[in-house]
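Okay, structure first, notes after.
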Amino acid sequence: MHPTGNLVVLVCRLFWGMVNMTSLIKKYHNEFKNQTRTVVDLTTAVFSQIEAKEPSVHAYISTFKEDALEKAAQIDAKFVKGEDLPLLAGIPIAIKDNMHIKNKRSTCGSKMLENFVAPFNATVVNHLEKQQAIFTGKVNMDEFAMGSSTENSAFFTTNNPWHPDYVPGGSSGGSAAAVAAGEAIVSLGSDTGGSIRQPAAFCGLVGLKPTYGRVSRYGLVAFASSLDQIGPFTRTVEDAAIVLESLCGQDKHDATSSNQAVPAFSKQLKKDIKGLKIAVPKELFGDVIDYKVKQRVAEALDVLVKQGASYEEVSMPSLNLSIATYYVIAPAEASSNLARFDGVRYTKRIENAANLTDMFTQTRGKYFGDEVKRRILLGTFALSSGYYDAYYLKAQKARTFIKQDFNKVFQKFDVVLSPTTPTMPFKKGEHTDDPVAMYLADLATIPANMTGLPAMSIPCGFVDGLPVGLQLVGKAFAESTLFNVGDCYQSVTDFHTKVPQGVSYEI
Amino acid sequence: MKLEKKDLEHVLKLAHLSVSESEKSALLPDLQRILDTMKSLDKVDLNTIEPSSYAFNQEAFIREDVVEQGDDLLMEQNAPDWESGCFSVPSILGDG
């Protein structure tokens, strides 16, 4: 597709030995196991990086240095005793501030929950604790995960570690920035319309939204319950596979969690994509996409073709409806989910309310930010008497239409490939006065939430020093296919090994 | 549709949200522009298509109906006004 494709593969092959490292987690695990490095040493290095980079990055809302070092020492003692520990044991992981860690604050980037202390662990946190991972802290996000730039955080804006004038993407901007800046080895984010994949693309990382139901949402503060999924940010695809393995499984606390068998994703990386059939939807390769982004993604497609895949351009007209569909369904669900923040249970209440209704309305008016208010109003409107059929019901039908389009494409193809984002990372303040322009950032990522399909963003190059992401969408519960394609791609490219100034690939 | 101030005020009431007049002036054009983007849904004939509430039609996972020891919900710490095991709230009917 692009003449530089051959060159990319050739240059990358020359450096095969340097780029072949596809799991940092395994590398650290082996070092701990062989006692050539201690968990305390890695954890200390990560906190030194946090201290060095936070003044310019602002990824963290809270950090847990003391707890982390104490746990690191305990894990070191187990490695010394020769215990066989899980791969994530001793790996420093940052958690988005909408997932509960018991007795720590979960602010959701909102004034409403500024002082809210989580009464229990999210299921994903329990899974990571079982794996003996180390929590570095809680990271910044757009308020209640509503946004695409992290500028809607009620506390501060996170900067893109590649350039401080640019946004890290959102809503999981803190999760992406923390890993990109070396302030964590792995992080967890949540993705309702692209909130893992878009920041992963903007920060040069792998970001995975698993199939809806793969990962329990218990302990994740709900935004839009039929769309939300938790997933990892990592540098490499193999690491994303390792982390996902530990997060999956049916959970009695989440009635939508799936009973599908959970494969050992990281053991199914075949390093071979011969015969893989890729669909490239023209709706996500047209004028709506910045040509610089298209160029990098086209080069990546060439690499995959060189590795034995084939592609075909397809038409998926329903993709033109995805933004409108999303901005009815997600706010409608949010307006219901956020009704619980009423000044009774969750820390904030206005002073001297005349009566109960005043307390509800004024507390919500004072402590919710502008974007949250917009979406609550939009959702309430779409569900209100007289407008339900014209907006909510129509959007639910459009959702079926999008699902039908993907079903059709997946009869013939294995994955759908597109840019993750329509544009390069944008500057802070560029879209803050125009909510509709901000919403367009999710153009390519929303369909996977509407359909529940697994989707992953992979770094596929740079333009003027800023990263570009490639998105792969797979069949339901076929994360293995995405991992296999992504891992193959990373075995002959080195974009994932590039790091911003002042950051080391290996900490 | 054209969103009027009275529509906004009706929705604010339904949503239990109180905002200032200047916020209303900013919200009205923002919401209007967002609603205008919804027009794309009218370009396709969706009449014969069934609506979806979820991505998949998976049966909900039902757990055993047994009593479990719940977590301490930290109400004393988290609730703005917690007195002797109860939430305390202002009078429902107004002053006095």
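Points worth noting:
- Test: residue in the stretch B:7-19 that is free of Cβ contacts under 8 Å to residues at least 24 places away in the same chain, at the interface with chain A (Cβ under 7 Å from one of its Cβ atoms) and closer than 30 Å to A:T211 by Cα: no
- Residues located in the stretch A:292-320, provided they are open to solvent by less than 10 Å² (accessible area, probe 1.4 Å), of a type in the set (G, A, S) and within 14 Å of chain B (Cβ to nearest Cβ): A:S318
- When we screen B:S40, B:S52, B:S88 for residues that are at pLDDT 90 or above and either under 18 Å from A:K348 (Cα atoms) or surrounded by fewer than 14 Cβ atoms within 10 Å (Cβ to Cβ) (or both), the only hit is B:S88.
- Whichever residue in the stretch A:385-408 is free of Cβ contacts under 8 Å to residues at least 24 places away in the same chain and over 24 Å from A:G286 (Cα atoms) and, among such residues, is nearest to the other protein chains (Cβ to nearest Cβ): A:K397
- Selection within the stretch B:45-74 - facing chain A (nearest Cβ under 7 Å) and farther than 28 Å from A:G213 by Cβ: B:D72, B:L74
- Filtered by the rule that a residue be at the interface with chain B (Cβ under 7 Å from one of its Cβ atoms) and surrounded by fewer than 19 Cβ atoms within 10 Å (Cβ to Cβ), the stretch A:354-364 gives A:A354, A:N355, A:L356.
- Residue list for the stretch B:1-23, restricted to those being under 18 Å from the mean Cα position of the chain (by Cα) and surrounded by 13 or more Cβ atoms within 10 Å (Cβ to Cβ): B:D7, B:L8, B:H10, B:V11, B:L12, B:K13, B:L14, B:A15, B:H16, B:L17, B:S18, B:V19
- Residue match in the stretch B:28-43 (condition: outside any helix (DSSP H, G or I) and not aromatic (F, W, Y)): no
- Verdict on A:A279 being of a type in the set (G, A, S) and open to solvent by 10 Å² or more (accessible area, probe 1.4 Å): no
- Among the residues making up the stretch B:75-85, a single one is within 7 Å of chain A (Cβ to nearest Cβ) and either of a type in the set (V, I, T) or open to solvent by 100 Å² or more (accessible area, probe 1.4 Å) (or both): B:Q77.
- Scanning the stretch A:321-341 for residues that are at the interface with chain B (Cβ under 10 Å from one of its Cβ atoms), hydroxyl-bearing (S, T, Y) and more than 16 Å from A:E371 (Cβ to Cβ) yields A:S322, A:T325.
- Residues of the stretch A:394-448 that turn out to be closer than 22 Å to A:E313 by Cα and either of a type in the set (D, E, K, R) or not in a loop (DSSP other than H, G, I, E, B) (or both), as a count: 20
- Some residue of the stretch A:342-351 being touching a strand residue (DSSP E or B) at 6+ places or on another chain (Cβ under 6 Å), facing chain B (nearest Cβ under 7 Å) and open to solvent by less than 30 Å² (accessible area, probe 1.4 Å): yes
- Hits in the stretch A:34-68 - residues which are out of contact with any strand residue (DSSP E or B) (no Cβ under 9 Å at 6 or more places or on another chain), part of a helix (DSSP H, G or I), under 19 Å from A:A133 (Cα atoms) and not small (G, A, S): A:V40, A:D41, A:T44, A:Q49, A:E66
- Selection status of A:A184, within 22 Å of A:G219 (Cα to Cα), in a loop (DSSP other than H, G, I, E, B), at pLDDT 95 or above and in contact with a strand residue (DSSP E or B) (Cβ under 8 Å, 6 or more places away or on another chain): yes
- Residue in the stretch A:409-423 that is farthest from the other protein chains (Cβ to nearest Cβ), counting only those that are open to solvent by 20 Å² or more (accessible area, probe 1.4 Å) and touching a residue at least 24 places away in the same chain (Cβ under 8 Å): A:K412
- Pairs are defined by a Cβ separation below 6 Å, a sequence spacing of at least 6 or placement on different chains, a first member in the stretch A:37-61 that is open to solvent by 60 Å² or more (accessible area, probe 1.4 Å), and a second member that is in a helix (DSSP H, G or I); the pairs so defined are A:T38/A:D76.
- Qualifying residue in the stretch A:436-443 (condition: out of contact with any His (no Cβ under 6 Å at 6 or more places or on another chain), charged (D, E, K, R) and in contact (Cβ under 8 Å) with a residue 40 or more places away in the chain): yes
- Inside the stretch A:252-276, residues that are within 14 Å of chain B (Cβ to nearest Cβ) and buried (at least 23 other Cβ atoms within 10 Å of the Cβ) make up a count of 2.
The values are calculated or read from the model by the stated rules, or taken from the named source; none is laboratory data. Not measured: the values here are computed from a predicted model. Every residue, glycine as well, gets a Cβ built from its backbone with ideal geometry; the counts of neighbours run over all protein chains shown. Please note that ligands, DNA and RNA were not included when accessible areas were found on the heavy atoms of the full protein model with its side chains. Shrake-Rupley method; radii C 1.70, N 1.55, O 1.52, S 1.80 Å.
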